[in-house]
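The values are calculated or read from the model by the stated rules, or taken from the named source; none is laboratory data. The structure displayed is predicted, hence computed values, not measured ones. Note that each Cβ is placed from the backbone with ideal geometry, even for glycine, and that neighbours are counted across all protein chains shown. For the accessible areas, the whole protein counts, side chains as well, though only heavy atoms, and no ligand, DNA or RNA atoms are used. Shrake-Rupley method; radii C 1.70, N 1.55, O 1.52, S 1.80 Å.
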Amino acid sequence: MAPLDTKPSGAPKGVWKSGKGKGRHTPKGRQFTDEAQAEIARLLGDRPRRRDLLIEFLHLIQDTHGYISADHIAALAVEMRIGQAEIYETATFYAHFDVVKEGETPPPALTIRVCDSLSCEMAGAQQLQKALEDGLDPSEVRVLRAPCMGRCDTAPVLEIGHNHIDHATPEKVQASIAAGDTHAHLPDYETFATYVENGGYAKLKELREGGDWEAVQEQVLASGLRGLGGAGFPSGKKWGFVRMNDGPRYLAVNGDEGEPGTFKDRYYLERTPHVFLEGMLIAAWAVQAETCFIYMRDEYPAVLEILRREIAALEQAGIVEKGYIDLRRGAGAYICGEESAMIESIEGKKGLPRHRPPFVAQVGVFGRPTLVHNVETLYWVSKICREGPEILNSVEKNGRKGLRSYSVSGRVAKPGVYLLPAGSTILDVIDAAGGMAEGHVFKAYQPGGPSSGLLPSSIDDVPLDFDTLQPLGTFIGSAAVVVLSDQDTARDAALNMLRFFEDESCGQCTPCRAGCEKAVKLMQAEKWDTDLLEDLCQVMGDASICGLGQAAPNPIRLVMKHFAEEI
């Protein structure tokens with residue numbers, strides 16, 4: 001059969017054979033250089049090119065180069081076989097990735113992040129930031145404002161590279177730069193060897209050899225332990241909800257305590273990490289979890305290094321198989337403290353909260369049933385299993401049972417973490433923290449982070465516990481107590497809180513995204529339009545997808561209620 005002649009009759013000879021014209025010489029999309037491709041291949045090494053590891057790979061690039069270029073994104077997209085737009089939108093969602101477009105100047109080699117959350121602002125963070133901007137060469141050092149770093153007890157705080165400077169001053173910064181001291185400093189902590197010497201992991205071994213998970217669940221329920229990330233759901237009940245769903249199942253640890261004023265998880269992890277790790281492995285045993293994901297905020301570089309070392313020690317000792325504990329590093333996004341947003345981030349995506357139902361106990365990491373616990377919750381699971389439920393339920397005060405770890409900062413003499421009976425009042429908490437700072441008179445307090453708003457000093461006899469503060473229009477949350485004095489104004493404190501929410505809104509839903517922005521503008525007026533603000537609060541509370549937008553109105557409403565003379 002003769003070949004089909006596709007050339008139109010009368011066409012000039014050879015015109016269909018020239019190959020010239022407007023044909024592509026490269027694939028569609030932004031191109032990358034051979035150098036970028038080789039660099040990405042070198043950085044990723046023999047790691048699997050899984051989609052859920054995208055954020056980990058972005059950290060590798062950021063840590064190595066100090067920024068992520070368009071060339072890096074294009075090469076990474078080819079290496080991982082995903083779209084460049086997908087990588088770009090993920091990288092730009094997180095505050096700790098510096099994405100540099102073509103033709104843009106990369107940031108300086110050194111970045112200083114100055115915390116501007118409430119405790120640090122009260123301690124002079126704004127003046128500190130201005131002094132640094134005026135005194136440092138912007139071509140060599142970049143100075144940024146940043147949200148809470150979980151070191152409110154040593155305010156004002158800044159991070160130079162990965163080195164946190166407590167009670168920061170320009171002089172300390174200059175000394176750190178001169179010494180090249182830009183790396184995290186590890187505190188003294190209880191290592192694996194010391195923990196085992198003191199009986200650590202004996203309970204886990206006993207349970208694995210013949211324990212009854214339902215009996216352990218009953219112990220946890222009998223103790224009265226509730227979720228200590230803020231929601232307060234009875235911890236043991238979660239185990240049954242996850243177990244009733246077919247496997248494979250996962251456990252995800254929420255270590256993203258980004259609520260300003262909160263630093264209790266860091267406190268425990270920097271001292272006794274294995275108490276938490278054993279509790280995590282007991283919970284994982286109870287729900288037959290195939291993998292434990294620990295999602296730890298990037299603002300805790302020392303904790304991340306401690307966990308890397310101690311997880312390796314667990315693997316070496318044969319307590320867990322290599323890779324069973326998967327440590328994931330956040331990238332600067334408060335919203336990832338919301339459990340479904342955290343799961344999205346573990347999967348290597350933007351941290352956008354999911355619509356529910358389904359709940360994560362049914363559809364969690366990779367669509368599988370997932371048990372989610374806070375760091376401190378698992379710390380107490382370990383304690384309960386080793387010492388019995390009496391460690392919590394035998395403590396009673398003001399009709400409340402249990403213990404609470406209060407993160408206390410602001411105008412007190414000795415800020416820090418204080419373990420007190422759950423029925424403690426604000427006066428008990430201030431007393432534990434050494435009383436008010438010299439020259440300050442108690443005026444107001446934040447009982448559970450900015451989401452809880454502000455209460456006046458006149459409300460000083462209410463136990464700071466779950467369920468006791470709801471009648472007052474607030475809640476205990478993560479027990480992040482910030483104390484204000486007569487030298488502070490409630491309206492300025494509330495504005496600080498709403499600016500934080502404005503910055504940290506994920507942008508997914510309009511009520512929160514636009515509501516926080518409009519609230520900040522309205523709150524800057526000399527006199528507040530209370531009717532308009534209340535309308536805004538109503539819409540945000542009713543229509544926001546997750547707790548950020550639903551709780552953001554609390555500072556506004558409580559200032560209007562208790563501090564009307566200021567607005």
Chain lengthening between residue 459 and residue 285 when straightened (0.36 nm per residue, less Cα-Cα): 58.3 nm
Can you tell me how much longer the chain between residue 51 and residue 529 gets when fully stretched, taken as 0.36 nm per residue apart minus their C-alpha distance, in nm with one decimal? 167.3 nm
Over the chain, with every protein chain in place, what whole percent of the accessible area is carbon and sulfur at 1.4 Å, could you tell me? 50 percent
Taking Lys and Arg as +1 and Asp and Glu as -1, residues besides residue 410 with C-beta under 11 Å from its C-beta add up to -1
Helix 34-44 vs. the chain, principal-axis angle (Cα, 0 to 90°, nearest 10): 40 degrees
Output for region 497-567: GluC sites (Glu not before Pro) sitting in coil per DSSP, at most 12 other Cβ within 10 Å, listed by number, reads 526
Non-local amide H neighbours of residue 374 (under 5 Å, H modeled in plane, Pro and chain starts lacking H): which ones? 228, 229, 254
Pairs of alpha-carbon atoms within less than 8 angstrom and 6+ residues apart define the contacts here; what relative contact order does the chain have, in percent? 12 percent
Can you give the FRET efficiency for residue 205 and residue 271, using 1/(1 + (r/R0)^6), R0 = 22 Å, r = Cβ-Cβ distance, to the nearest 0.05? 0.40
For region 160-229 and region 273-332, write down the distance between their C-alpha centroids in whole Å. 10 Å
Full extension between residue 139 and residue 486 adds, at 0.36 nm per residue less the Cα distance, a length in nm of 120.9 nm
All other residues with a Cβ under 9 Å from the Cβ of residue 427 taken together, and with Lys, Arg as +1 and Asp, Glu as -1, what is their net charge? -4
Residue-by-residue Karplus 3J(HN,Hα) for region 401-408, coefficients 6.51, -1.76, 1.60, Hz, glycine and proline x: 10, x, 10, 10, 8, 8, 8, 10
Tell me the mean residue ellipticity at 222 nm calculated for the chain from its helices only (DSSP H runs of n ≥ 4, each -39500 (n - 2.57), averaged over every residue, nearest 500). -12000 deg cm²/dmol
List the residues, sorted by chain then number, that are 5 or more residues from residue 443 or on another chain and whose placed amide H is less than 5 Å from its amide H. 484, 485, 486
Principal-axis tilt of helix 530-543 within the chain, Cα atoms, nearest 10 degrees: 60 degrees
Cα-based Rg (one decimal) and Dmax (whole number) for region 38-154, in Å? 17.0, 48
Just to confirm my numbers, what's the Cα centroid distance between region 128-147 and region 47-67 in Å? 27 Å
Once amide H atoms are built 1.01 Å from N in the peptide plane, which residues 5 or more positions from residue 69, or in another chain, come under 5 Å H to H? 100
Would you please classify the overall shape of region 404-463 from the alpha carbon gyration tensor, given that a ≥ b ≥ c denote the square roots of the eigenvalues, rounded means a/c under 1.5, and beyond that prolate means a/b larger than b/c while oblate covers the rest? rounded
Given an 8 Å cut-off on Cα distances and at least 6 residues of separation, report the relative contact order of region 27-82 as a percent. 54 percent
Express the accessible area of the chain per residue in Å², computed with a 1.4 Å probe while the remaining protein chains stay in the model. 44 Å²
Alpha-carbon Rg/Rh ratio, for region 151-269, with Rh computed the Kirkwood way: 1.10
3J(HN,Hα) from dihedral phi, region 428-445, Karplus parametrisation 6.51/-1.76/1.60, rounded to Hz, x for glycine, proline: 5, 5, 5, 4, 4, 8, x, x, 5, 4, 4, x, 10, 10, 4, 10, 7, 7
Percent relative contact order for region 246-382, counting Cα pairs under 8 Å at least six residues apart, stands at 38 percent
List the GluC sites (Glu not before Pro) in region 119-169 that DSSP assigns to loop (not H, G, I, E or B) and whose Cβ has at most 12 other Cβ atoms within 10 Å. Which are they? 140
Taking only Cα atoms, what is the 0 to 90° angle, nearest 10, from helix 273-287's long axis to the longest principal axis of the chain? 70 degrees
Geometric extent, Cα atoms of region 416-567 - Rg, Dmax (angstrom): 15.4, 45
Cut-off 9 Å between beta-carbons: net charge of the residues surrounding residue 189, Lys and Arg +1, Asp and Glu -1: -3
What ³J(HN,Hα) values, in whole Hz, does the Karplus curve 6.51 cos²θ - 1.76 cosθ + 1.60 give for region 341-358 when θ = phi - 60°, with x put for Gly and Pro? 5, 4, 5, 4, 5, 4, 7, x, 10, 4, x, 9, x, 8, 6, 10, x, x
FRET efficiency estimate (nearest 0.05) - Cβ-Cβ, residue 538 to residue 561, R0 25 angstrom: 0.95
If you project the alpha carbons of the chain onto their three principal axes, what span does each projection cover, largest first, in Å? 99, 66, 52
Compute the Cα gyration tensor for region 272-412, then decide on rounded, prolate or oblate, letting a ≥ b ≥ c be the square roots of its eigenvalues: rounded whenever a/c is under 1.5, prolate when a/b is larger than b/c in the other cases, and oblate in all that remain. rounded
